[in-house]
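*Asks:* Before we start, here is the structure in question, set down as structure tokens.
The values are calculated or read from the model by the stated rules, or taken from the named source; none is laboratory data. Everything quoted here is computed from the prediction, not taken from an experiment. With ideal geometry, Cβ positions are generated from the backbone for all residues, glycine too; neighbour counts draw on all protein chains shown.
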Amino acid sequence: MADGSLAGLGSVKGRVSEAEWNARVDLAALYRLAALNGWDDMIFTHISARVPGPEHHFLINPYGYHFDEITASSLVKIDMDGNVVDETPFFINPAGFTVHSAVHMARDDAHFVIHLHTDQGVAVAAQREGLLPISQHALIVINGLAYHDYEGIALNHNERERIIADLGDKKLMILRNHGTLTLGSTAGEAWLNMFFLERACKQQTMALAAGRENILIAPEAAQNEVRGQTRNGMGGSMSSLAWPGLLRQLDRELPGYDA
């Protein structure tokens, strides 16, 4: 690693359990997919995964590396107090620890957590009305969407209790003036939740170019219909179909995440 890249980093595959390795590969894939879709924020924002097992450890990115560089072996394993568990030359972003540890601590179904600062996500997070029911993508996620008010850069650990209180039992969140967050029991579910949320935010920012007075809100009957059709969310039911294709896309366009 003389050049500072992750290319020469030795694999940890033989030093961790098969379950942890699989989680590492899926998490590294999420980082690469975020980069491939232009959803990264240079070295900022985070995606995390719970390490299978009773220790309540989770994996997060090494601070200072871009999302398109992340590999399974470079991910940093930490505990719920932010302490690095396994020997590594890397360190983590404290703000990332605050947000992600909050969700992992409180939600047993939060195996993967994605937090982004995209232009469209922040734009909607800064709008008084939040996400509007103006597109099919928005209607799919809006019933499972929570909001958390901005408190500054997430360095204060006491913010965690308010993040969790605001999240409740939902799997998608808009952090006002900040960005978007989704979780899932699988990498595919977390990704698909974020895909629909981010696409809805992008569509809203484009539609609002015509002015709020010209926006067409979906009929209430249609909103209720979609609410019933997606009662259990889209991320879980469709992710088993979408995720293998996403990995094939990475293998073609941005390989190396599984090293």
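*Asks:* If only one of ALA125, ALA138, ALA72 is more than 15 Å from the chain's Cα centre (by Cα), among the small types (Gly, Ala, Ser), buried (at least 23 other Cβ atoms within 10 Å of the Cβ) and within 28 Å of ARG15 (Cα to Cα), which one is it? Full working, then the answer.
*Replies:* Details: ALA125 fails: within 28 Å of ARG15 (Cα to Cα); ALA138 fails: within 28 Å of ARG15 (Cα to Cα).
Unique residue meeting the criteria: ALA72.
*Asks:* With the condition kept exactly as written, say whether any residue in the range 28-37 is closer than 16 Å to ALA190 by Cβ, outside any helix (DSSP H, G or I) and under 15 Å from the mean Cα position of the chain (by Cα).
*Replies:* Yes: the range 28-37 contains one or more residues that are closer than 16 Å to ALA190 by Cβ, outside any helix (DSSP H, G or I) and under 15 Å from the mean Cα position of the chain (by Cα).
*Asks:* Against the definition (touching an Asp or Glu at 6+ places or on another chain (Cβ under 7 Å), of a type outside the set (Val, Ile, Thr), surrounded by fewer than 19 Cβ atoms within 10 Å (Cβ to Cβ) and over 25 Å from LEU175 (Cβ atoms)), how does PRO52 come out, yes or no? Give the derivation first.
*Replies:* Numbers: touching an Asp or Glu at 6+ places or on another chain (Cβ under 7 Å): yes; of a type outside the set (Val, Ile, Thr): yes; surrounded by fewer than 19 Cβ atoms within 10 Å (Cβ to Cβ): yes; over 25 Å from LEU175 (Cβ atoms): yes.
The answer is yes for PRO52.
*Asks:* Might you let me know whether the range 79-99 holds any residue that is at pLDDT 95 or above, assigned to a strand (DSSP E or B) and either over 15 Å from the mean Cα position of the chain (by Cα) or surrounded by 23 or more Cβ atoms within 10 Å (Cβ to Cβ) (or both)?
*Replies:* At the first step, the residues of the range 79-99 found to be at pLDDT 95 or above are none.
Checked the range 79-99: no residue is at pLDDT 95 or above, assigned to a strand (DSSP E or B) and either over 15 Å from the mean Cα position of the chain (by Cα) or surrounded by 23 or more Cβ atoms within 10 Å (Cβ to Cβ) (or both).
*Asks:* Right, something else. Residues to consider are ARG162, ARG199, ARG176; find the one that is touching a His at 6+ places or on another chain (Cβ under 6 Å), modelled with pLDDT of 95 or more and either more than 28 Å from ARG227 (Cα to Cα) or among the charged types (D, E, K, R) (or both). So that I can check it myself, show each step before the final result.
*Replies:* Details: ARG162 fails: touching a His at 6+ places or on another chain (Cβ under 6 Å); ARG176 fails: touching a His at 6+ places or on another chain (Cβ under 6 Å).
The match here is ARG199.
*Asks:* For residues that are surrounded by fewer than 18 Cβ atoms within 10 Å (Cβ to Cβ) and in contact (Cβ under 8 Å) with a residue 24 or more places away in the chain, tally how many sit in the range 100-116. Walk me through it before giving the result.
*Replies:* Of the range 100-116, the ones surrounded by fewer than 18 Cβ atoms within 10 Å (Cβ to Cβ) are 105-106, 108-109.
The next check asks that each one be in contact (Cβ under 8 Å) with a residue 24 or more places away in the chain; those that pass are 105-106, 109.
Residues that pass the stated criteria total 3.
*Asks:* Among (1) modelled with pLDDT of 95 or more; (2) within 27 Å of ARG199 (Cβ to Cβ); (3) not in a strand (DSSP E or B), which single condition is ALA102 missing?
*Replies:* (1)
*Asks:* Limited to the range 209-230, what total is found for residues that are in contact (Cβ under 8 Å) with a residue 12 or more places away in the chain and within 25 Å of the chain's Cα centre (by Cα)? Spell out the reasoning first.
*Replies:* Going through the range 209-230, the residues in contact (Cβ under 8 Å) with a residue 12 or more places away in the chain turn out to be 215-218, 222-223, 226-227, 230.
Subset that is within 25 Å of the chain's Cα centre (by Cα): 226-227, 230.
Here the count works out to 3.
*Asks:* Identify, from the list ILE43, ILE47, the residue that is within 18 Å of PHE91 (Cβ to Cβ) and at pLDDT below 95.
*Replies:* Values: ILE47 fails: at pLDDT below 95.
When all the criteria are applied, what remains is ILE43.
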